[in-house]
Amino acid sequence: MARYVRVSTISFGGAGGNPEGMVERNRESALEWLRRAALDKPDIVCLPETFHALGLASKEWFESAEPVPGPTTEAVREVAWKNGMYVVCPIVERVDDKVYNSAVLIDREGEIVGRYHKVHPTIGEIECGITPGVETPVFKTDFGNVGCAICFDLNFTDVVAGLKANGAELILFPSMYRGGLQLSIWAFNCGVYIASAYTGEGSAIVNPLGRVLATSSLHNRIISKTINLDYRVLHIDYNNVHWDAIKLKHGADVEIEVATPEAVFALFSNNRNLSVDDLIKEFGLETREEYFKRANRVREKALL
């Protein structure tokens with residue numbers, strides 16, 4: 001069944017000024033950007049990595065760690081509740097005697113759904129005292145399954161593989177670097193949407209074929225896109241012979257987006273009473289993962 005989701009991300013580089021009072025200024029400025037983003041009526045909004053501590057030197061950045069709930073998450077919870085939207089709130093988080101680089105997911109009611117702890121902090125972060133995370137949780141929302149990755153994580157396949165294995169359909173990526181081509185590589189290889197929130201120009205929303213749907217700029221710090229989470233990525237081989245029959249029967253209720261150079265396509269259902277999985281069953285289609293597994297089985301048999 002069609003699941004349309006409005007996704008927004010904010011390119012926020014901090015409030016600037018003297019270090020004294022920086023956390024409070026960052027928080028208030030980011031809250032104003034959240035309120036602006038709310039005008040686009042998003043289902044979910046993502047802020048950049050540890051936005052409350054931007055502009056601080058390493059020692060002060062580490063010392064800005066807060067508990068959850070704490071001042072920053074409490075302020076963001078109020079905005080999320082008032083505007084009926086999910087918010088990814090990335091902070092430096094203190095948990096007992098440990099400090100994590102975290103992404104906290106807050107729901108439409110202002111409740112904390114859960115948090116992701118950055119699995120791959122940079123060497124500098126670890127030397128500062130940041131503890132690496134060890135899990136890649138996926139959170140159930142009222143529109144689908146959401147996961148998070150943070151900045152340096154993008155360089156390691158275990159994070160995205162873990163999120164994909166756990167059922168992520170949309171990955172939110174708060175960061176202090178753009179990611180660029182890596183965002184498209186991740187999205188394409190795993191067949192997921194990725195939405196990044198970078199501190200400067202270049203935040204992006206990328207579809208499961210690795211195609212960039214929106215990018216932020218100096219003059220467009222908030223990007224928003226409506227996406228459809230009822231999708232599957234399939235290989236063209238053996239499936240393309242069914243395209244005409246699919247369209248003849250279902251017409252505009254089904255969208256086929258082809259990526260010819262990569263020999264794959266994304267299948268979307270625009271019908272709220274018909275799912276992509278229904279279509280796959282009806283026409284005997286094969287997902288990309290199933291096709292590659294079958295190809296390997298045929299190969300292994302040939303080697304006997």
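Going residue by residue through region 155-167, is there one that turns out to be in contact (Cβ under 8 Å) with a residue 24 or more places away in the chain, part of a strand (DSSP E or B) and not charged (D, E, K, R)?
No, the conditions are met nowhere in region 155-167.
Give 209, 218 a once-over and let me know the one that is touching a Phe, Trp or Tyr at 6+ places or on another chain (Cβ under 7 Å) and either in the same structural domain as residue 104 (by TED's automatic domain parsing) or in contact (Cβ under 8 Å) with a residue 40 or more places away in the chain (or both).
Unique residue meeting the criteria: 209.
Looking for whichever is more than 19 Å from residue 155 (Cβ to Cβ), small (Gly, Ala, Ser) and in the same structural domain as residue 116 (by TED's automatic domain parsing) here; the options are 224, 203. Which one fits?
After ruling out the rest, the residue left standing is 224.
Would you please name the residue that is farthest from residue 91 (Cα to Cα), looking only at residues in region 8-28 that are under 23 Å from the mean Cα position of the chain (by Cα) and at pLDDT 95 or above?
For region 8-28, the residue satisfying everything is 8.
Of all residues in region 1-24, count the ones that are under 24 Å from residue 217 (Cα atoms) and in a loop (DSSP other than H, G, I, E, B).
7
I'd like the full set of residues that are surrounded by fewer than 23 Cβ atoms within 10 Å (Cβ to Cβ) and of a type in the set (Gly, Ala, Ser), limited to region 98-113.
Scanning region 98-113 gives a single hit, 110.
Kindly indicate which of 50, 122, 136 is among the hydroxyl-bearing types (Ser, Thr, Tyr) and either on the phi > 0 side of the Ramachandran plot or not assigned by TED's automatic domain parsing to the domain that holds residue 201 (or both).
One residue alone meets the criteria, 50.
In region 70-113, how many are out of contact with any Gly (no Cβ under 9 Å at 6 or more places or on another chain), small (Gly, Ala, Ser) and at negative phi?
Here the count works out to 3.
So which pairs qualify, if the first residue must be in region 71-83 and β-branched (Val, Ile, Thr), the second must be assigned to a helix (DSSP H, G or I) and modelled with pLDDT of 95 or more, the Cβ gap must be under 6 Å, and the two must be at least 6 apart or on different chains?
Every condition considered, the pairs that remain are 72/27; 72/52; 79/31; 79/34.
Quick one: residue 61 ticks every box in (1) closer than 29 Å to residue 226 by Cα; (2) among the aromatic types (Phe, Trp, Tyr); (3) in contact with a strand residue (DSSP E or B) (Cβ under 7 Å, 6 or more places away or on another chain) except a single one, so which number is it?
All conditions pass for residue 61, except number (1).
Conditions (1) in contact with a strand residue (DSSP E or B) (Cβ under 9 Å, 6 or more places away or on another chain); (2) crowded, with 21+ Cβ neighbours inside 10 Å; (3) within 24 Å of residue 42 (Cβ to Cβ); (4) not acidic (Asp, Glu), marked per residue:
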| residue | (1), (2), (3), (4) |
| --- | --- |
| 78 | no, no, yes, no |
| 115 | yes, yes, yes, yes |
| 119 | no, no, no, yes |
| 127 | no, no, no, no |
| 151 | yes, yes, yes, yes |
| 156 | no, no, no, yes |
| 160 | yes, yes, yes, yes |
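Might you check whether a residue that is of a type in the set (D, E, K, R) and touching a helix residue (DSSP H, G or I) at 6+ places or on another chain (Cβ under 8 Å) occurs anywhere in region 91-108?
Among the residues of region 91-108, at least one is of a type in the set (D, E, K, R) and touching a helix residue (DSSP H, G or I) at 6+ places or on another chain (Cβ under 8 Å), which makes the answer yes.
Does at least one position in region 213-233 carry a residue that is at positive phi and either modelled with pLDDT of 95 or more or β-branched (Val, Ile, Thr) (or both)?
Within region 213-233 (the criterion being at positive phi and either modelled with pLDDT of 95 or more or β-branched (Val, Ile, Thr) (or both)), the answer is no, since none of the residues qualifies.
Looking for something among the β-branched types (Val, Ile, Thr) and surrounded by fewer than 18 Cβ atoms within 10 Å (Cβ to Cβ) - is there at least one such residue anywhere in region 22-45?
no
Of the conditions (1) under 15 Å from the mean Cα position of the chain (by Cα); (2) crowded, with 23+ Cβ neighbours inside 10 Å; (3) assigned to a strand (DSSP E or B), residue 186 clears all except one; give me its number.
Only one criterion is unmet by residue 186, namely (3).
The values are calculated or read from the model by the stated rules, or taken from the named source; none is laboratory data. Here the structure is a predicted model, which is why all the values come from computation and not from measurement. Because the Cβ atoms are built from the backbone with ideal geometry, glycine has one as well, and the counts that use them run over all protein chains shown.
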